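A.B. asks: Structure incoming, see below.
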Amino acid sequence: MATIQSIINQLLFLYSYVVIAYILMSWFPNARESSIGQFIASIVEPYLAPFRKIIPPLGMIDISPIVAIIALRLATNGVNAIFSMF
């Protein structure tokens, strides 16, 4: 059971870094239009879409990715809590 928990935790941790990379790509012109940028967008955008529907942007700042990363951290804590019961 510990290996399953470890794999899930590592996947959630890695995905949070992919979300951070996607956020940082918005600072560089044409980074999201590159092949890597499009690949990361295809992975991250479906996850961020529900957060963007709920949380409107504050002027030019979109805080939905921050909330999405917090949700990933809470999911990690939930996985740890579930597996600590076993």
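The values are calculated or read from the model by the stated rules, or taken from the named source; none is laboratory data. This structure is a prediction, so every number in the text was calculated from the model and none was measured. Cβ atoms come from the backbone with ideal geometry, glycine included; neighbour counts cover every protein chain shown. Please note that ligands, DNA and RNA were not included when accessible areas were found on the heavy atoms of the full protein model with its side chains. Shrake-Rupley method; radii C 1.70, N 1.55, O 1.52, S 1.80 Å.
A.B. asks: At 0.36 nm per residue, minus the direct Cα-Cα distance, what do LEU58 and ILE20 gain on full extension? Give it in nm, one decimal, please. Display every interim value, and only then the final one.
C.D. replies: Values: separation 38, 0.36 × 38 = 13.68 nm, distance 1.88 nm.
Gain in length upon complete extension: 11.8 nm.
A.B. asks: Using a probe radius of 1.4 Å on heavy atoms only, what accessible surface per residue do you get for the chain? Whole Å² is fine. Before the final figure, lay out the partial values.
C.D. replies: On the way: 6010 Å² over 86 residues.
Averaged over the residues of the chain, the accessible area is 70 Å².
A.B. asks: Turning to a different aspect of this structure: Please list 3J(HN,Hα) in residue order for region 66-81, calculated via the Karplus relation 6.51 cos²θ - 1.76 cosθ + 1.60 where θ = phi - 60°; whole Hz, with x for glycine and proline.
C.D. replies: Running phi through 6.51 cos²θ - 1.76 cosθ + 1.60 with θ = phi - 60° gives 5, 5, 5, 5, 4, 5, 5, 5, 5, 5, 4, 5, x, 4, 5, 5 Hz.
A.B. asks: Ignoring ligands, DNA and RNA, what percent of the 1.4 Å accessible area of the chain is carbon and sulfur? Each step should come with its number before you reach the end.
C.D. replies: Working: 4500 of 6010 Å².
Its accessible area is 75 percent carbon and sulfur atoms.
A.B. asks: For the chain, what does the relative contact order come out to in percent, with C-alpha contacts under 8 Å and a separation of six or more? If you can, show how the numbers build up before the last one.
C.D. replies: Values: 49 pairs, mean separation 33.4, N = 86.
Here the relative contact order equals 39 percent.
A.B. asks: Quickly work out the TYR47-to-ALA31 label distance, labels modelled 7 Å from Cα along the C-beta direction, and quote it in nm with one decimal.
C.D. replies: About 1.7 nm separates the two model spin labels.
A.B. asks: Classify the chain from the C-alpha gyration tensor, please: rounded if a/c falls under 1.5, else prolate or oblate depending on whether a/b exceeds b/c.
C.D. replies: On the way: a/c = 3.16, a/b = 1.72, b/c = 1.84.
Judged from the Cα gyration tensor, the chain comes out oblate (a/c at least 1.5, b/c at or above a/b).
A.B. asks: Let me ask something else about it. How long is the gain from ILE66 to PHE13 if the chain were fully straight, where each residue apart is worth 0.36 nm and the alpha carbon distance is subtracted?
C.D. replies: On the way: separation 53, 0.36 × 53 = 19.08 nm, distance 1.43 nm.
So the extension gain works out to 17.7 nm.
A.B. asks: Let me ask another. Could you calculate the contour length gain from ASN77 to PHE39, that is, 0.36 nm times the residue separation minus the distance between their Cα atoms, to one decimal place in nm?
C.D. replies: Working: separation 38, 0.36 × 38 = 13.68 nm, distance 2.78 nm.
This chain segment gains 10.9 nm when fully extended.
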